Amino acid sequence: MGILIEPGKPDFVKKFYVVGVNFQKTDTQHRSKFSITSTKNVEAYSQSSACLEHFLILSTCNRTEIYGFAPCEYVLLAFMKSLSGATHTEISANAYIKEGDDAVKHLLTVASGLDSQIPGDYEIISQIRKAFQQAKISGRSNGFIERLVSQANQISKAIKNSTAFSDGTVSVSYAVTQQVKKVMESNQLRKVCVVGLGEMGHNTLKYLLQHTPNAEIVVVNRDEKKLLELASVYKLRSFPFAQMQEAVRESEIVIMATAVPEPVLHLNHIVGSDVHTIFDLSMPRNVSSEVYQQSDVTVWDVDQISASVNTTLDKRLAEIPKVKAIVQEKTREFFDWQERRKSRTTIPLKYEQFLPNAITFIENSDTRQQACFMADQCCEGKPGKAWLPLQAYSA
């Protein structure tokens, strides 16, 4: 096997894109197919090619989006396909693409809470920060992405300090707590089981302790060290994940916040038990379809939980003009920074350069596969041929 590395000059510049799906175009069941689990997320950052070196993956219960620099948007679409369970046709039918300034505006709008299923949702900015930290630790960030996320943080801070857009506690975690409280009061129930103590599960647990003091709460988690720590802090009974069925069967209300790729709560876990209501906070769904169809158990998914609070948001909605003005101002500041940076040089910045010739060629192999791990979707510089037209998304 012979190896030859050819130095190259920038053929053309990479552009900044976002490709994604969100709650505005897909319901929970369809959105589940695009969800990228935390394990898959970590694996994704270990991949690199001349086509995609700097990127950020934002996967929440409301959206899956990939932001990054690429020679064309189809690189990111193919990357999304490789990471998710969605088919080529499903991505073409449901995904949206934004390029350049529009991609920048989109991330800043998402950070503001304007594009959240619950307007003003303050959890989104922490999810963006977490996604950025993962990208940075993995060496997939750059100066542009870091500055953009910094600007997103400034927008969130300005909105909280000068508007009532995030006033009150209206997040998915809070919303499910309010629903649990109603179910407990109307059905004289007390026993609650929280499965999964990640960010969503932990936030929900804290709200439950605050707003349902009469609840008898048990917790279940895979990470037994974290399980025992939180159980000790809050003085709760705990079960390791291997004993989830035991914990569930002695409960009346179950909250699933496990965030794994496939259902973990099945019909055999609840048949013959006292389980009355289940809240599935995971994306993709972690409660099996047969449980959703069970007539004597009520199951709520993320979309239903979010919809339950939207009627209480009049005060927040009145603040939208102020929020849009802040987003516009901070977006302009970012573009001004970008122009000042570019004015110092006449050549593309390093992260914008695309060096298709600076690749390793291996004898008796497909050179396009060596150039890009998404090469099966790139058609000799005309990848659009491989993709159906995508529907526009205006947010």
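The values are calculated or read from the model by the stated rules, or taken from the named source; none is laboratory data. Keep in mind that this is a model prediction, so the values were computed, not measured. A quick note on method: Cβ atoms are made from the backbone with ideal geometry, for glycine too, and the neighbour counts reach across all protein chains shown. Ligands, DNA and RNA are excluded from the accessible area calculation, which covers all protein heavy atoms including side chains. Shrake-Rupley method; radii C 1.70, N 1.55, O 1.52, S 1.80 Å.
Values for this structure:
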item	result
Qualifying positions in region 144-178 - surrounded by fewer than 18 Cβ atoms within 10 Å (Cβ to Cβ), more than 30 Å from His54 (Cβ to Cβ) and at pLDDT 90 or above	Asn161, Ser162
Residue ID - farthest from Met184 (Cα to Cα), chosen from residues in region 225-253 that are under 27 Å from the mean Cα position of the chain (by Cα) and touching a residue at least 12 places away in the same chain (Cβ under 8 Å)	Lys226
Subset of region 131-141 that is in contact with an Asp or Glu (Cβ under 8 Å, 6 or more places away or on another chain) and open to solvent by 20 Å² or more (accessible area, probe 1.4 Å) - its residue that is nearest to Lys330 (Cα to Cα)	Lys136
Matching residues in region 206-229 - criterion: being out of contact with any helix residue (DSSP H, G or I) (no Cβ under 7 Å at 6 or more places or on another chain) and assigned to a helix (DSSP H, G or I)	Lys206, Gln210, Glu224, Lys225, Lys226, Leu227, Leu228, Glu229
The listed residue being touching a strand residue (DSSP E or B) at 6+ places or on another chain (Cβ under 8 Å) and touching a residue at least 60 places away in the same chain (Cβ under 8 Å), out of Ala158, Ala175, Ala95, Ala164	Ala95
Hey, Tyr67 open to solvent by 10 Å² or more (accessible area, probe 1.4 Å), touching a residue at least 12 places away in the same chain (Cβ under 8 Å) and among the aromatic types (Phe, Trp, Tyr) or not	no
Residue that is modelled with the highest pLDDT, among those in region 28-63 that are open to solvent by 10 Å² or more (accessible area, probe 1.4 Å), among the hydroxyl-bearing types (Ser, Thr, Tyr) and not in a helix (DSSP H, G or I)	Ser59
Residue within region 95-105 that is of a type in the set (Phe, Trp, Tyr) and either at positive phi or surrounded by fewer than 21 Cβ atoms within 10 Å (Cβ to Cβ) (or both) present	yes
Residue list for region 290-315, restricted to those being modelled with pLDDT under 90 and open to solvent by less than 10 Å² (accessible area, probe 1.4 Å)	Val302, Ile305, Ser306, Leu313
Top-ranked residue in region 105-149 [being in contact with a helix residue (DSSP H, G or I) (Cβ under 7 Å, 6 or more places away or on another chain) and among the hydroxyl-bearing types (Ser, Thr, Tyr); ranked as farthest from Thr28 (Cα to Cα)]	Ser141
